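S.K.: Have a look at this one.
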Amino acid sequence: MVNFRKYISSAAVLASGFFLAQSTVSTVLYSQAYDNQKSSLNLPSPITSMVEKTILSPKELVDINVNTMMADPVLKNATWGFVVYDPKTKKVISSYNETTPLVPASTTKLLTTETAMNMLGENYRWMTQLEYSGTVDENGVLDGNLYIVGSGDPSMGTNKAGAASYRDIVSDFVSGISREGIKKVNGDIIIQTALFKGNISKLPENVVWLENNNYYLPAGTTREINPANEKLIVKKNGFSADKKFFYVSPYNNQMVYADKYEGDGILTTKLPDAPAYLANTLRTTLVKSGVAVTGKVTPKMTDATPESRKLVSAYKSPTLGDIIFYTNQHSDNGLAEALLKTVGFQSLGDQTTESGRKVVTGHLKDEGFDMLGLNYMDGSGLSRANNVTPISQVKFLTSLMDEKYYQTYLTSLPIGGQSGTLKRMFLGTGNGQVFAKTGTLNKVKTLAGYLKTNSGRTLVFSLMVNNYAGSVDMVKKRMEKILEPALDL
């Protein structure tokens, strides 16, 4: 916790002619005009900044900025916490409410992606294989079945992280069938993957389905639905007394309620059942190319007496390192949830969110994570039931600096003023020096990661704000102001 009393002494007296007369951050009354200002903060002039830096140390400036924010109209009624931490000395440099459990939003992905990288390795790939059973006669007739064997590849067909398109995968599969001399399939195309089949109707606790263009779509069956035309339809609930909104999935009858509707009516969603779409596209393409398929596309999740099969072609996903890079840069909720289920399956043989939670929390505990105040409910951070403390975040990020995959993990984080979800923050001071994961929900804004200081030090920080007033851009400006003097540490 910041000790501000010591600044009432000599530093405050020395600064009185400059700092108290020309405050670095002036507390202003909140008004509509204030909200519309180009700059939400009354920023100091270069002369004032130079004088303050001469009189006060960077640590003192960090502490003073934090103290000023306590009375700021945007933050004074919010619940927020902050820590900047030295990983070499293992000491807190400055903090406020560092042990308070707060909603972390998408900084939850820091825990999910690290667990996946730790358990699976950054070069892990998902495999999707095309196989066939039976025999091929002299006329090229396959008396058997085609099998699409999936492994839960979350990137399939999405073009994310360099993933191939469905068209490219199907083209490769068709070429493989041609190489085998198959001109007709006297059988079915069987989808065989036990992964992720258990999450058809259950959502993580307290998930906001559609909020600031975030959404969560439970898995279902696409049948022959084209992903380009797949929509999540949002309708107003006109028959409910409390006038809430409900979000309806076209793949099941579940309705999810929310207090506010913050979308534009229609969102294009991710494909919830990639193997089914791939299998149907393969069948259509084969038929169009003159290879008849007499059977149908059918799932076969379990097989007590598996047929002997031959591998025709195999598609490898991008590496886990590439997928984690995309996940953290774009704060991709679908990929994060898939990573959660993947670690659950790899460790417990079960693809549910609950298994994923057990694996992640077990891993964190084994690694010495400060579990006090932690409530890990989903992989993406969409759930408002998630909680974590700022001090546990910074100690966790510090521990990763000794891991062999640290550089890959660090590279996956957005860079202030340059990439990902931080591209529009730290455009001036801090540009290229802040490596952090962002988080955003309604009235929740978070940031956690690493700082490269002007003197070459690497510091670790966490800054989480819940239930603020004003706009999210106003909170971003305050975050920048709090962290700015830390760059001189």
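S.K.: Identify the residues of region 430-450 with backbone N under 16 Å of a label point that sits 7 angstrom from the Cα of residue 406 along the Cα-to-Cβ direction, or state none.
M.R.: Of the residues in region 430-450, 435-436, 449-450 have backbone N under 16 Å from the label point off residue 406.
S.K.: Leaving ligands, DNA and RNA out of it, work out the accessible area of residue 388 with a 1.4 Å probe and give it in Å² to the nearest 10.
M.R.: For residue 388, the solvent-accessible surface is approximately 10 Å².
S.K.: Next question. In whole percent, what relative contact order does region 380-489 give with Cα contacts below 8 Å and a gap of six or more residues? It would help to have the intermediate numbers written out before the result.
M.R.: Details: 156 pairs, mean separation 22.6, N = 110.
RCO, region 380-489: 21 percent.
S.K.: Can you work out ³J(HN,Hα) from phi for every residue in region 381-386, in order, using Karplus 6.51 cos²θ - 1.76 cosθ + 1.60 and θ = phi - 60°, giving whole Hz and x for Gly and Pro?
M.R.: Karplus-based 3J(HN,Hα) across region 381-386 equals x, 6, 6, 7, 7, 5 Hz.
S.K.: Could you list, in their original order, any pairs among 160/341; 310/358; 437/481; 300/365; 109/481; 184/300 whose Cα atoms are separated by more than 29 Å? Provide the component values of the computation, followed by the final result.
M.R.: Numbers: 160/341 18 Å; 310/358 36 Å; 437/481 18 Å; 300/365 37 Å; 109/481 25 Å; 184/300 22 Å.
Checking Cα-Cα distances, 310/358; 300/365 exceed 29 Å.
S.K.: Roughly speaking, what is the stretch gain from residue 455 to residue 418, that is 0.36 nm per residue apart minus the C-alpha to C-alpha distance, in nm to one decimal?
M.R.: Working: separation 37, 0.36 × 37 = 13.32 nm, distance 2.06 nm.
Fully extending the segment from residue 455 to residue 418 adds 11.3 nm.
S.K.: Still on this structure: How much solvent-accessible surface does residue 126 expose, in Å² to the nearest 10, with a 1.4 Å probe and all protein chains in place?
M.R.: Residue 126 exposes around 0 Å² with every protein chain in place.
S.K.: Charges on Cβ only, +1 for Lys and Arg, -1 for Asp and Glu, centred on the Cα centroid of region 289-330; of 294, 321, 305, which one is farthest towards the dipole's positive end?
M.R.: It is 294, whose Cα lies furthest towards the positive end.
S.K.: Let me ask another. Compute the signed sum of charges (Lys and Arg +1, Asp and Glu -1) over the other residues within less than 12 Å, Cβ to Cβ, of residue 466. Each step should come with its number before you reach the end.
M.R.: Numbers: positive: 384, 443, 445; negative: none.
Residues close to residue 466 contribute a combined charge of +3.
S.K.: Among 478-489, 365-376, 154-165, how do they line up by average Cβ neighbours within 10 Å per residue, starting with the highest?
M.R.: Numbers: 478-489: 21.8, 365-376: 15.1, 154-165: 19.5.
Result, highest mean first: 478-489, 154-165, 365-376.
S.K.: Now, a different point. With the Cα gyration tensor of region 391-446 giving a ≥ b ≥ c as the square roots of its eigenvalues, does the rule (a/c under 1.5 for rounded; else a/b larger than b/c for prolate; else oblate) give rounded, prolate or oblate? If you can, show how the numbers build up before the last one.
M.R.: Details: a/c = 2.15, a/b = 1.31, b/c = 1.63.
Since a/c reaches 1.5 but b/c is at least a/b, the shape of region 391-446 is classed as oblate.
S.K.: Another question, then. Excluding ligands and nucleic acids, what accessible area in Å² is computed for residue 408 using a 1.4 Å probe, to the nearest 10?
M.R.: The value for residue 408 is about 40 Å².
S.K.: For 141, 475, give the ranking by accessible area with the largest first, probe 1.4 Å.
M.R.: Values: 141 35, 475 0 Å².
Ranking 141, 475 by accessible area, largest first, yields 141, 475.
S.K.: Hey, another quick one. Obtain the nm distance between the two label points defined at residue 91 and residue 127 by a simple spin-label model: each point lies 7 Å from its Cα along the Cα-to-C-beta direction.
M.R.: Result: 5.3 nm between the two label points.
The values are calculated or read from the model by the stated rules, or taken from the named source; none is laboratory data. Please read these numbers as outputs of a predicted model, since none were measured by experiment. In this analysis, Cβ positions are derived from the backbone assuming ideal geometry, glycine residues included, and neighbour counts consider all displayed protein chains. The protein model used for the area step is the full one, side chains on, heavy atoms only, and it has no ligands, DNA or RNA in it. Shrake-Rupley method; radii C 1.70, N 1.55, O 1.52, S 1.80 Å.
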